[in-house]
Each structure stands twice: as C-alpha cells, then as structure tokens.
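Below: one structure, written as structure tokens.
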There are 2 protein chains.
Amino acid sequence: MNPVLVDVWRGEWVESQHRGSLAVVDADGALVLALGDIERPVYPRSAVKALQALPLVASGAAARFGLSDAELAQACASHSGEPAHVATSAGLLAKLGLDADALECGAHWPRAETQIAAMGARGETPTALHNNCSGKHAGFVCLGCVLAGEQDRRAFLRGYVEPEHPVMREVTAALAAATATDLSRAPVGTDGCSIPTYGIPLRQLALGFARFGTGQGLSADHADAARRLRQAVAAEPFHVAGTNRLDTVLMQQLGERLFCKVGAEGVYCAALPERGWGLAIKMDDGNTARAVEVVLAACVQALLRLSETEHALLQRHSELAQRNWNGRLVGRLAATPALRGALGSLA
Amino acid sequence: MNPVLVDVWRGEWVESQHRGSLAVVDADGALVLALGDIERPVYPRSAVKALQALPLVASGAAARFGLSDAELAQACASHSGEPAHVATSAGLLAKLGLDADALECGAHWPRAETQIAAMGARGETPTALHNNCSGKHAGFVCLGCVLAGEQDRRAFLRGYVEPEHPVMREVTAALAAATATDLSRAPVGTDGCSIPTYGIPLRQLALGFARFGTGQGLSADHADAARRLRQAVAAEPFHVAGTNRLDTVLMQQLGERLFCKVGAEGVYCAALPERGWGLAIKMDDGNTARAVEVVLAACVQALLRLSETEHALLQRHSELAQRNWNGRLVGRLAATPALRGALGSLA
C-alpha cells in the first residue's frame, strides 16, 4: 500500500487524499530514497520525452537541420498549444520540407480556455500542431529524415509511431539504455499520441534521470545530447510546457539546476544535476492535474539549496492555495508530513 | 483503508487505481451495503443539490413563479453551460424581475471546448449564467423572493450564499432533515459556488436519497417537493447536466426509475425508488472526471432490473473504453471484481 503523499484540505477538513510512490536514485543506481512501491512497472507517458529525444540530437539530425533551443525544448515538451508552440512545431517541420500532415499524434484543443476561445474567434479548429506532443513528434520526424537516408522521406516516415518502425526503435533503444531496462519484456500500452509507452519501475526511471542530469552511465553521444537538451530547455522553458505551467515556472526560476517533466496519469520525472540524483513519482490514482505537481514541488523544495525567493516559490506549489469561482480561498493541497519528513532526511 | 473500486487499464496492464467507499441504505436507515468507511463525514458538494432544492418547491416559490420542469431540473443541476442552460437560468431570473447580477456563484467557461470556441466566435465571455451552478443559484434566489416578503428583494438577497442568510438556513435545514444529521456539529467548507458544504457520512447521504426517492421519512411538504423534483428531472434530464453527461444519459434512458447526481471531488448520490434505496459514493482521491461515474454505473447496472438495451448502456459506462487522440482503443476504466461482487449480492 503506497503512502498518502498529498492531502486535499477544504476548510479545516481533509476532503480527498492522493497516494503514490517515489524513488530518488543516484547515477550509479544506488537508492537514495524510496516511498511506496518503486519496483512495479509504471508507464512513464510524457515524463520521458527528454530521454526519447536523445537520438534526435545524438543522430546529428538536430544539428543537420539547425534546430533552435525552442525546437529542442519543444521536442521534450507537453506544451499548452499556445500560438508560439504551434508556430515552433510548424517551423521545425518547415525546415524538413514538411508540414502538419507528417504528424501522427492526432489533434486536440489547446489547454487554456482563453486560447480555445481565441481560436474560435479566429475561426480555427485544432490540428496536430496544437497537440501537446507536436514538438516531440516533429522531433521524431526530424530524426526520421536522417534515418531515411536516400529513401523518400514521406514514404519512410509513414507509421513512425509504430513500435517496429526504425524511428521508434531508435527512440525505444535510447529509453531502454538510459533506464537500464529490458523493454522487450515490459508491459506496453499505446500513449495518447499513439507511440508505445513501456512499463518501467520508478527506480529505473529515477536512474534514467540521474544519468540524464549527469551524463554518467550514458554513451558519450547520449551524454552530449542530454547536456544539449538540458541547456535548450533551460534557455526556453516556455516551450517545454507553457504559461503558468509548473515545468515552465520551475525551470524559468532554476535554469539548469533542475530538469523536470510531467507525464499523464500522475507521473513526474526530474534530474537534479548538482546532487547527482534523478527522481520519479507516480500517483496511484493517475492524478496529473494537481497531486503529482505538489509532490514534485515538495521534492525540489527539500532537495535543492534554494534562495529565499526560490524557496517561497516551491512552498507555494507544495502547499497550493485553492480558490473558488469568486476567488475565495477555500482550501489547499499540501504535501503530507510523511512526505516532508522523508524528504527532510535528505536535505 | 478503502477498497479499489475502479481499475484503469492501458493495454493489459493496470496503470492507475481509484479507491473509494460506498453506502446503500433503505428509507428506514437500515444499511443494505457498505464498502469502505461510510461513517467519516464527506463533503457532498453538488451531489445534494436536489435536497437543497426542496425548500424551493415546499415554500411555494416554484409554484408562485410558475417554474417549468426545465427550471426545476436546473435547480438540481451541475449543467454544462450550453446555450439552453444559460437561457433557462436567465429565464428563471426574468420571472423574478432579476438578472445575472443577482447570482453570487461566480463565472466560469462552459464545460465543452466546442462551446468555448463557439462563445469566442460570438465574442462572448463567461458570466454567472454559464456557471454550472447557475440553476441552483437561480432557485435560491427564487426561494429568497418568497422569504423576502415585503422587503426589497435585491437588498434581502444580498449575501444569500452565506451560512446565516435566511435562504441558506432554509436550504441547510432541508439537507439536515433529509440526512438526519446535525449539521451544526459537522465539518464545513466553502463550495466552488461559495455556499457552505457540510461534511456528512455516506451512510446519512444514502439515507437522504432513499428518503428523496420514496418520500418516507420526509415531512409531507418535502415528500411532495421531492416527487415534483424527480418528475421534473425525469422530464428534462438535459437540464440536470448536458450533452453526453452521465446524469443526463442515464435519466434519459431510465426516467423516474433513477435519480442520480454527481458532485465535485468524486461524490455521487442516487435514489432507486423501486428498491426503496439511496446510495452515496465518495472516491478517496476526489476523482469526479471518470472514476466515480464508473462506480455509479456499476451500481445502477447491478441494482435495477434492466432491459437488454439498458444493461448494455450501463455496461458501456461501468467498463468504459478509453480512446486516444487518433481514436485508437488504448484501454478501459473498469469497476473492480470486488465492487461487482459486492453489488452482485444485492441483485
């Protein structure tokens, strides 16, 4: 039974609770902290986009097509579908002589209601470019343009989301290597954007991000790629998420001291390079909208040495005020004392 | 520790799980079924709107102002903010000589992205009429117009969301009577729409809905009001929720055989008049978006004698297919064998 990591208070009463598990691991694979079950395979979903982007850089594709920091950050992103995100994915595809038709991620509306209303006002409907994964998919397509060699790009790329396509084999191999996991034996599902998602224990996901943050344990070209991706995201954190999104807010503040990435169904992965640690979180109930963010914020707050400003920012997100439609303060989400206590021992 | 009631499958792997508790009670208060903790107070949130609407009818206010079935259904509703919902709340207020300015629920965008985009295309921004609670609040205001007597309506109504206002005292008294709970000793929080929400054990909430469905245990005027509200919702189920919403879909199919109402933070309450039972559900993690609906559907499927068509409808909602942005079948939400087994004993 995994412990309660987040209490949802309304007034002076705990209204709901979120259970979950958490692993902190160093780049040698030594376990620093475990809460709950860290051995059961977990689908990491979008939390491993940065590991899946390693071949984009290591293959030389990113350099060959002159990818910008924003484009690389967006290859690691679950973006909000804001106009700058749409333009960035479109721009990357244009460098390849391609357009949105090359993307196999499907379409959905942007995240924010104001953005949806603005699209309505412009008479627009969502395309694959608005999909939160469009940057990742544009990156897959870019990798595919190199793997295609002399073949026709469009023909080669078709079906790139399938597990056996050369693009996805490269991507999966990078994920397997970083996490030191045999994915041929792992549970497998289909992600929201149609690529495979493999079940990987939190312990191995945390190892993958310890390696991503330090380069230790990665091949030399993947270590270089990891450094390039971390630099790109730190330079353009808006492109990894969007306005008022936690990944963006935290990396705007902390730069390369932190790499963090949320995933669907209550997953978070992060690298803390200065400590040499990676961490991975999974909420039992799959709550990405609020619970896992509180846990991630509590982790960063406890595990990095922060300025007063930074500490206050993390405190706001690890004990998150809840306001109603009239702006009244009605409650809070709070990292539990059990979580705070366990993290405190590592401060 | 409450049991797992819903498994979230992706491929052939359980990706997430939802725990919760459930009470089924008859109109005499006898416990029919308990799963998990049914004694801990739970904020019922919007799941008790129908009980809160009893004074609207019992006071004579609904008759005096000639409220329609749609307006009464909407007084019990968490609607989707579709144009017909907005028009219905506005129409009720117009009967009182009032408009949206009388509502103290706050504003938010409609539920569906297509509705938000359509508002954007029309250059509209959300008002209190779009708030999912606007019908309930219009009902409170209507009740207030009777309670005001000779006083100025607008002045009397001001602050009607506060616990000590005469309107809210009537509403709270109806809730306390139906659930046989002393709310002066209950935990209290502020709901999304700014009215108080009181912590009530699931056992007592289920009792309230057994009474609501049968009239037994209610005062004569509240029993009449309950019958009127059930008829109105069965006649106009679109107005209690909206397009493709579970409450609407189920009551469109089952009419007065079922009254059910979802609430925030993973709450559901329902009345099954032909069995004489009420039921109340709370998901530990507060998941309203998916988990509690699966549990409610499994309950209705097991506890009512259904036609083949009806059974198939409930089966679709108690084992709910999950599709991704490309429309691919990627998984399912499923009532757990433990839940099915416990309900099966009552079939």
For this session: Residue by residue through the stretch A:38-51, note down the ones that are within 12 Å of chain B (Cβ to nearest Cβ) and open to solvent by 40 Å² or more (accessible area, probe 1.4 Å).
Result: A:R40
Exercise. Just checking, how many residues over the stretch A:97-113 are of a type in the set (G, A, S), crowded, with 17+ Cβ neighbours inside 10 Å and either touching a Phe, Trp or Tyr at 6+ places or on another chain (Cβ under 6 Å) or more than 26 Å from B:V330 (Cβ to Cβ) (or both)?
Worked result: 1
For this session: Counting only residues that are within 18 Å of B:V48 (Cβ to Cβ), give me the helices (runs of 4 or more DSSP H) lying completely in the stretch B:118-193 with at least 2 of them.
Result: B:134-147, B:166-179
Problem set entry | Unmet criterion (only one of (1) more than 14 Å from chain B (Cβ to nearest Cβ); (2) farther than 19 Å from A:G135 by Cα) for A:M168 | (2)
For this session: Please state which one of B:G192, B:G242 is under 23 Å from B:A87 (Cβ atoms), of a type in the set (G, A, S) and under 13 Å from the mean Cα position of the chain (by Cα).
Result: B:G242
Seminar exercise, completed: Of A:R340, A:R275, the only residue that is open to solvent by 50 Å² or more (accessible area, probe 1.4 Å) and part of a helix (DSSP H, G or I) is A:R340
Exercise. Before we move on, is B:A138 within 14 Å of another protein chain (Cβ to nearest Cβ) and under 29 Å from B:A289 (Cα atoms)?
Worked result: no
Exercise. Taking interchain pairs and intrachain pairs at least six residues apart, which have beta carbon atoms under 7 angstrom, with the first residue in the stretch A:289-300 and farther than 17 Å from A:A312 by Cβ and the second part of a helix (DSSP H, G or I)?
Worked result: A:V295/A:L339
Exercise. Does the stretch B:181-188 contain at least one residue that is under 30 Å from B:R111 (Cβ atoms), away from chain A (no Cβ under 14 Å) and touching a residue at least 24 places away in the same chain (Cβ under 8 Å)?
Worked result: no
Exercise. Of all residues in the stretch A:189-235, which are on the phi > 0 side of the Ramachandran plot and either within 14 Å of chain B (Cβ to nearest Cβ) or touching a strand residue (DSSP E or B) at 6+ places or on another chain (Cβ under 9 Å) (or both)?
Worked result: A:S194
Exercise. Quick check, is B:E265 within 22 Å of the chain's Cα centre (by Cα), charged (D, E, K, R) and more than 14 Å from chain A (Cβ to nearest Cβ)?
Worked result: no
Exercise. Restricting attention to the stretch B:328-335, does a residue exist that is within 15 Å of the chain's Cα centre (by Cα), crowded, with 19+ Cβ neighbours inside 10 Å, in a strand (DSSP E or B) and away from chain A (no Cβ under 14 Å)?
Worked result: no
For this session: Hey, can you tell me all the residues within the stretch A:101-117 that are facing chain B (nearest Cβ under 7 Å) and in a loop (DSSP other than H, G, I, E, B)?
Result: A:C105, A:G106, A:A107, A:H108, A:W109
Problem set entry | the stretch B:77-87 - residue that is assigned to a helix (DSSP H, G or I) and among the hydrophobic types (A, V, I, L, M, F, W, C) and, of those, surrounded by the most Cβ atoms within 10 Å (Cβ to Cβ) | B:V86
Exercise. Any chance the stretch B:298-318 includes a residue that's outside any helix (DSSP H, G or I), of a type in the set (V, I, T) and crowded, with 18+ Cβ neighbours inside 10 Å?
Worked result: no
For this session: Output the residue which, of all residues in the stretch A:126-169 that are out of contact with any helix residue (DSSP H, G or I) (no Cβ under 6 Å at 6 or more places or on another chain), among the polar types (S, T, N, Q) and in contact (Cβ under 8 Å) with a residue 12 or more places away in the chain, is surrounded by the fewest Cβ atoms within 10 Å (Cβ to Cβ).
Result: A:N132
Exercise. Of the residues that sit in the stretch A:1-18 and are surrounded by 24 or more Cβ atoms within 10 Å (Cβ to Cβ) and charged (D, E, K, R), which one is nearest to the other protein chains (Cβ to nearest Cβ)?
Worked result: A:R10
Exercise. (1) part of a helix (DSSP H, G or I); (2) surrounded by fewer than 17 Cβ atoms within 10 Å (Cβ to Cβ): which one isn't true of B:A70, the others all being true?
Worked result: (2)
Exercise. Which residue out of A:A94, A:A30, A:A90, A:A58 is open to solvent by 30 Å² or more (accessible area, probe 1.4 Å) and farther than 26 Å from A:P163 by Cα?
Worked result: A:A30
For this session: Assess whether B:E150 counts as being acidic (D, E), closer than 30 Å to B:G29 by Cα and away from every other protein chain (no Cβ under 14 Å).
Result: no
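The values are calculated or read from the model by the stated rules, or taken from the named source; none is laboratory data. Remember, it's a predicted structure, so these values are computed and weren't measured experimentally. In this analysis, Cβ positions are derived from the backbone assuming ideal geometry, glycine residues included, and neighbour counts consider all displayed protein chains. Heads up: the accessible areas ignore ligands, DNA and RNA and are worked out on the full protein's heavy atoms, side chains in. Shrake-Rupley method; radii C 1.70, N 1.55, O 1.52, S 1.80 Å.
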